[in-house]
Protein chains: 4
Amino acid sequence: MGQHREDEGVAVTANGGQSSDTGRIEAFSDAVFAIAITLLIIEIGVPHAEGAESLSDKLLHLWPSYLGYAISFLVIGTVWANHHNRFRLIARSDHILLFLNIVFLMCVAFIPFPTALLAEYIREEEYRTTAVAVYSGTLAVTAIFFTVLWLYVAGNYRLVDRSVDPILLRAMTRRYVFGMVLYILAFALAFVSPAASLSLIIILALLFVLPEPEGSSGTRGTGRRSARG
Amino acid sequence: MGQHREDEGVAVTANGGQSSDTGRIEAFSDAVFAIAITLLIIEIGVPHAEGAESLSDKLLHLWPSYLGYAISFLVIGTVWANHHNRFRLIARSDHILLFLNIVFLMCVAFIPFPTALLAEYIREEEYRTTAVAVYSGTLAVTAIFFTVLWLYVAGNYRLVDRSVDPILLRAMTRRYVFGMVLYILAFALAFVSPAASLSLIIILALLFVLPEPEGSSGTRGTGRRSARG
Amino acid sequence: MGQHREDEGVAVTANGGQSSDTGRIEAFSDAVFAIAITLLIIEIGVPHAEGAESLSDKLLHLWPSYLGYAISFLVIGTVWANHHNRFRLIARSDHILLFLNIVFLMCVAFIPFPTALLAEYIREEEYRTTAVAVYSGTLAVTAIFFTVLWLYVAGNYRLVDRSVDPILLRAMTRRYVFGMVLYILAFALAFVSPAASLSLIIILALLFVLPEPEGSSGTRGTGRRSARG
Amino acid sequence: MGQHREDEGVAVTANGGQSSDTGRIEAFSDAVFAIAITLLIIEIGVPHAEGAESLSDKLLHLWPSYLGYAISFLVIGTVWANHHNRFRLIARSDHILLFLNIVFLMCVAFIPFPTALLAEYIREEEYRTTAVAVYSGTLAVTAIFFTVLWLYVAGNYRLVDRSVDPILLRAMTRRYVFGMVLYILAFALAFVSPAASLSLIIILALLFVLPEPEGSSGTRGTGRRSARG
């Protein structure tokens with residue numbers, strides 16, 4: 001939306017008649033992110049208190065649900081910010097990007113399920129490893145697809161705006177590959193220490209909120225793509 | 001949104017005072033697609049494990065839910081991409097398009113229900129045929145309404161941008177009629193072999209991710225409509 | 001979004017420093033409509049079939065849920081179209097419009113509840129009147145708030161674009177007052193004949209899909225407001 | 001979306017290569033608000049009536065659910081309006097704003113949970129204090145994060161458009177700090193009189209619908225930022 005005709009024109013030229021229309025993929029992805037993040041709350045059911053029981057105790061007992069909600073909210077929020085920042089550098093789209101992006105969104109929209117699983121079973125020792133492994137595994141798969149998507153668009157400037165600085169591009173690639181490896185590590189850690197696995201996930205989410213490599217949101221040239229809101 | 005006044009002006013002229021405002025239909029439809037696709041996850045309930053039972057077994061036992069989630073995600077994602085690509089060629093709207101589109105969205109937003117049904121009953125042989133028939137039937141009806149909508153807008157260039165190549169238009173019509181026939185075939189197949197029916201649906205979703213007929217997203221002329229994001 | 005600075009400038013002048021920013025109200029309202037319409041499906045639960053029971057029978061038995069889904073989808077879709085068309089004529093906003101619109105959206109977002117109630121109880125004669133009365137009553141209250149909102153913005157051209165034809169404005173006012181009266185009638189009818197009440201509601205939804213009074217989407221003048229998507 | 005390149009250009013200059021891209025944060029936040037407000041309804045379950053029981057009585061018995069729905073709808077609607085108005089004055093974004101905004105949205109998206117809790121327990125005297133305290137506490141924490149976010153962006157014109165009148169800026173800061181203090185007071189009141197606490201919350205929501213300090217939506221200068229929809 002609000003994409004200027006000139007942008008489109010350039011892209012059409014550069015892409016042999018295919019539309020560069022990344023704006024619609026972006027808007028659709030943003031909506032999926034916003035819905036997935038807001039749906040997290042409906043996995044927390046109101047506790048049932050009766051008679052002499054204290055409602056406060058029941059509510060405190062739900063702490064894994066609040067923790068899961070907070071971690072997943074932060075993770076999805078961070079993934080959204082990264083996804084959005086990257087799409088601002090993408091000048092063209094093709095059917096492979098479209099497909100990779102749908103598979104990536106499939107992972108993101110899946111996150112409420114392992115979050116509810118985590119909240120339900122983190123207190124029970126016999127099930128804890130499974131719950132944390134499924135949770136960290138989902139995030140690892142999400143990170144893998146994000147990295148694959150990025151490698152596809154950035155490799156050889158396939159779909160990325162040609163005005164983006166190559167040094168910047170390599171810095172981003174390193175950043176995502178590194179993040180992916182750490183999410184896979186978090187998955188492996190789940191089988192050793194669920195607590196360590198979750199801690200690593202929280203640290204990763206907080207790290208990715210930090211500023212990106214210097215100037216990473218800019219482009220070398222005209223700033224044409226950064227005109228997109 | 002972001003539709004330029006000149007577009008509107010042209011459309012008003014071409015349409016005798018009716019608004020061409022397809023942007024709002026598009027934005028509304030995109031939101032419905034994004035919500036329907038993301039709501040799929042809430043149909044998967046966290047399994048209940050107790051005592052000696054293994055949580056992993058319980059989770060593996062849910063495979064039809066994951067399968068249903070993946071297929072429906074892919075199907076809705078593909079339908080969204082096709083819907084969005086087609087609306088970029090539509091230059092005007094009228095009340096019949098508005099109505100056909102609402103009925104079409106009614107089908108799309110319905111998909112989470114047969115998906116949950118499929119996940120619940122695909123393992124039980126006595127119910128499998130019914131579940132797969134309802135699922136493939138819903139997709140067939142969705143495909144029928146999409147084709148009707150397309151035939152209405154494209155027939156005699158009724159609402160389609162006049163700069164679109166007629167050869168392209170016919171290629172798209174063939175594509176949608178063909179897809180519709182195959183979805184109806186998948187519905188019929190459900191009564192013979194549910195597995196074959198589902199396989200056909202998966203193949204169809206993957207096929208529609210493939211590139212469209214050459215230049216299908218472009219227009220003959222000024223690219224005026226492709227200025228829309 | 002995409003609102004042009006000049007629009008804003010004019011509105012600021014006309015409104016003593018208040019922003020005319022109707023675009024954000026519109027986008028927010030559209031999102032609420034899209035979510036409410038798509039949430040309708042989650043009120044339909046997958047039926048529980050066991051042993052000798054037929055799943056098809058169980059599914060057919062859910063017909064009131066499908067009927068409720070279809071009617072409410074059509075009603076919300078129609079209300080959305082009307083709301084959206086009217087906002088295209090509104091040039092300025094103020095705090096009363098903002099408040100009236102939030103109360104109006106509160107009614108729209110409430111519709112999934114009486115829809116589920118209708119689906120649950122329409123088959124049971126002792127509860128049918130109550131269920132249909134609550135359903136039609138919700139729609140009547142929604143229509144009342146929509147009419148109040150319209151009377152507020154259109155009265156004496158308070159917030160409406162001054163270039164809109166006064167004859168058109170009066171035609172719209174008649175249309176909404178008339179619709180409101182008929183929805184109130186549907187509510188009253190529920191106590192006499194629930195079937196007649198529901199039939200009237202379906203007819204009303206279909207009627208409002210019909211074209212509006214001649215030229216109703218246009219404006220007298222420059223078409224400045226119709227530049228909004 | 002629809003953000004003009006010139007805006008971006010100015011911001012890039014003013015911010016050393018960082019993108020000012022507040023539009024995407026705004027659009028994402030708006031979507032979260034819209035979803036959270038519309039999800040409120042799914043916390044109200046259809047009552048179960050059987051035999052001689054009257055469905056109307058059952059429905060009337062649900063009054064706390066309707067009350068909770070109405071209050072939370074009004075509160076989220078008001079918070080949305082305030083959030084949106086403030087972002088129109090923000091010219092640049094940075095990673096701290098992004099993070100504060102995600103944490104703030106985490107509070108907003110949480111509101112459906114205490115709303116359901118309130119509806120469930122407000123009738124039972126032994127649990128009422130806890131339910132109202134959790135509800136008002138959630139709103140107080142939301143108000144605190146909103147105020148922190150505002151103090152961060154407005155302090156020393158850190159991210160706010162430099163053309164905004166300093167007197168206006170101080171008036172807004174006073175307004176938010178004052179609101180925050182009253183929400184904290186509502187939380188404290190819950191332990192003395194739950195009814196008084198809820199009344200204060202309703203009054204606050206209605207107060208914030210009232211017009212802002214004179215000219216608060218405008219800017220001193222060119223109105224450049226107010227061009228954002």
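The values are calculated or read from the model by the stated rules, or taken from the named source; none is laboratory data. Since the structure is predicted, the reported quantities are computational estimates derived from the model, not experimental observations. Glycine also receives a Cβ, built like all others from the backbone with ideal geometry; neighbour counts cover every protein chain displayed. These accessible areas exclude ligands, DNA and RNA; they are computed on the full protein's heavy atoms, side chains included. Shrake-Rupley method; radii C 1.70, N 1.55, O 1.52, S 1.80 Å.
A few remarks follow.
- Counting Cβ atoms of other protein chains within 10 Å of each residue's Cβ and taking the mean over peptide A:130-137 gives 2.
- Each copy carries a label point for B:Arg158 at 7 Å from Cα along the beta-carbon vector; from one copy to the others these points are 4.0, 4.0, 5.7 nm apart, nearest first.
- For A:Val160, the amide hydrogen comes within under 5 Å of the amide hydrogens of A:Ala91, counting only partners 5 or more places away or on other chains and with H modelled in the peptide plane.
- Accessible area of the stretch B:138-178 divided out per residue, in Å², using a probe of 1.4 angstrom: 44 Å²
- Over all distinct Cα-Cα pairs of the stretch C:33-161, the Kirkwood formula returns a hydrodynamic radius of 16.4 Å.
- Inter-part distance where the stretch D:53-82 and the stretch B:146-161 are each reduced to a Cα centre, Å: 44 Å
- FRET efficiency, B:His48 to D:Arg170 (Cβ-Cβ, R0 56 Å, nearest 0.05): 0.50
- Each residue of the stretch B:147-157 was assigned a 3J(HN,Hα) from its phi angle through the Karplus curve 6.51 cos²θ - 1.76 cosθ + 1.60 (θ = phi - 60°); the sequence is 5, 4, 4, 5, 4, 5, 6, 8, x, 6, 6 Hz, with glycine and proline shown as x.
- Note: relative contact order over the stretch C:60-216, using C-alpha pairs below 8 Å and six or more positions apart, is 28 percent.
- Sorting the segments B:29-42, B:178-191, A:194-207 by their residues' average number of neighbouring beta-carbon atoms within 10 angstrom, most packed first, yields B:29-42, B:178-191, A:194-207.
- Counting Cβ atoms of other protein chains within 10 Å of each Cβ in D:39-51 and taking the mean gives 5.
- Between copies, the label points of D:Ser56, set 7 Å from Cα on the Cα→Cβ line, lie 4.2, 4.2, 5.9 nm apart, reported in increasing order to one decimal in nanometres.
- Peptide D:98-110 is shielded by partner chain Cβ atoms: per residue, an average of 5 of them sit within 10 Å of its Cβ.
- Sites B:Ser193 and D:Glu126 - FRET efficiency at Förster radius 60 Å, r taken between beta-carbons, to 0.05: 0.50
- The orientation-averaged projected area of the convex hull spanned by the Cα atoms of the stretch A:123-197 comes to 5.3 nm².
- In order along the stretch C:166-178, the phi-based Karplus estimate (6.51 cos²θ - 1.76 cosθ + 1.60, θ = phi - 60°) of 3J(HN,Hα) comes to x, 5, 4, 4, 5, 4, 5, 4, 4, 4, 6, 5, 4 Hz; Gly and Pro are listed as x.
- With 5 Å bins beginning at zero, the pair-distance distribution over Cα atoms of the stretch C:38-100 amounts to 3, 14, 15, 15, 11, 10, 9, 6, 5, 5, 3, 2, 0 %.
- Distances between equivalent label points of D:Ile202 across the copies, with each point positioned 7 Å along Cα→Cβ, amount to 4.0, 4.0, 5.6 nm, shortest listed first.
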